[in-house]
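Okay, structure first, notes after.
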Amino acid sequence: MNLDTFVILLPPFIVLLGSILTLLSSMFLSGRLLILIIFLIFMAAILSSIINMTTQVTNLFFHDTYLHSSFGSILEIFFSISGLIVIAFSYFAYNLRDQKLLFGDYAALTMAVLGSAMILIHSVDLILVFVALETIAICQYILVSLPRTETAATSSIKYLLNGAIATAIFAFGLVFLWGATASTNIIEIGSIVSELEGGSVSIILFSIIFMTAGIAFKMGLMPFHSWLPDVYYRGPFNIIAFLSVVSKGTAFIFFGFFGFLIVNKNINDLSTWWSILVSFFAIASMTLGNVAALQSDNVKKILAFSSIAHAGYFAIGIIAVLLGNNIGLSAIGLYLVAYGFGNLLVFFISALNSQHENNFELRSFSGLFYKNKLLGILLTIGLLSLTGIPPFAGFIGKFYLFYSVFHVDYWWTWIIIIFAVSNTVISAGYYFRWIKVIFSNDLDQTTISLPSDSAPYINFILICLAIFIVLIGVFPDIIVSHAADMFSKLGSIVS
């Protein structure tokens, strides 16, 4: 292993080794010192990702199983920032001891998920993909059950059982695909598929349907969404906030990249039927999620069903990729960052508002602006971004998704756009209702008080999330340009 390949692997290795270090040091160090160590670990990972992004070219490594690109480095930075924010917020804002959460175990598992996600977004071999996906899944099952309460145990068992079935279905598809192509390298499989015709394409489509169904579970797409509302409603809120971003994000990034390498702009019966299948999932998820959220008055249920709806929006980018428009994968990456920061901001403030009485009813946010103006304004920013209102990141993310499928000349893409725009209007109903409650003039409520010794840290975390939302909304090229650079250089590699 030369120096270049070692540096390329540094970000995930730093986070994974940091996970072990965190777990071991948590037995001897205080919480504040442990947070400092975690901060240094993530800063080292971010610095190494920046170095890779600026010095390393797009290329394949480790016998063509690992694809390094500046786009992947951008996503590594996003995962590192998200992980650091979630761990820091959980430490400063939650009474983890009352929730029966051991901070060292929680932080170590969170970092293990992030390290595996960093490997997954670079993987171009199905064996490496499967190992990374299952490492993420196993850690997530444990994270949901960490509070060791009856409700957490119930949600984690349901999550585990559904996840096991989804893994089996995905593995069946993977085995069939290997049997049809005699390869686990996704680039080689794409080259083989482009030369197939007739019945041979049917075999590939059969295996891909299995893989799509398996990964759709992790995406939260309808009709594979049944686990999601229950886990959101019963699981620990800080952990669910993390899973809603990382689990969904890695699944969509991988599947978009998988579709890009398999299709490689060779539009045929496989890509057409595959895109129609994903279109059905997207339309059903957007419609079901938004309609169900519109009828709910519980914040946990609103966020659960809106997560299903946002999975439908993500799927639009995959449809564009399958129909030959590479902008779709750029749009998925941009929307992941926009949705991730917006979702974390909404989750965190919802937790702060509700953790004292454990009341997540929408009316508990009545007059939030008058109880705590900063929280009221920041929550409004997060909700407006999730709705898709300019100049926030959610707007530009949705715009790129809709634009990516708009430029694909198939009649059903117009149906997707109509449903996507209509569902955005529907989502405005429950997001704006939430904002209306925030600014309702209810002065009888007591002021929300943050822990006195942690309030500056909590406010700093929330303000940073709001700043990220605005910056990405104004400067989306930070992400899109690196994706375009990857595509331009990947063309020569794939060919």
Over all Cα pairs of segment 9-164, the Kirkwood radius sets Rh, and Rg/Rh then becomes 1.00
Rounded FRET efficiency, nearest 0.05, which uses the C-beta distance separating residue 233 from residue 150 and R0 of 22 Å = 0.95
Return the subset of 301/373; 158/373; 373/398 for which the Cα-Cα distance in this structure is over 30 Å, preserving the input order.
-> 158/373
For residue 66, residues with placed amide H under 5 Å, excluding near neighbours = 61, 124
If you plug each phi of segment 375-385 into the Karplus form 6.51 cos²θ - 1.76 cosθ + 1.60 with θ = phi - 60°, what whole-Hz ³J(HN,Hα) values come out, in order, with x for Gly and Pro?
-> 5, x, 5, 5, 5, 5, 4, x, 5, 5, 5
Loop GluC sites (Glu not before Pro), segment 171-225 (other Cβ atoms within 10 Å of the site Cβ: 10 or fewer; DSSP) | 195, 197
Mean Cα-pair separation over length for segment 350-403, i.e. relative contact order, pairs under 8 Å, 6 or more apart, % = 15 percent
0 to 90° range, to nearest 10: angle between helix 126-145 axis and the chain longest Cα axis | 20 degrees
Viscosity 1.306 mPa s, 10 °C: Kirkwood-radius Stokes-Einstein D of the chain over Cα pairs, µm²/s = 70 µm²/s
Enumerate the residues in segment 44-64 having an amide nitrogen under 19 Å from the point lying 7 Å beyond the Cα of residue 460 toward its Cβ.
-> 44-47
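Only the coordinates and a few stated rules stand behind these numbers; no lab work does. Remember, it's a predicted structure, so these values are computed and weren't measured experimentally. Backbone-built Cβ (ideal geometry, glycine too); neighbour counts: all protein chains shown.
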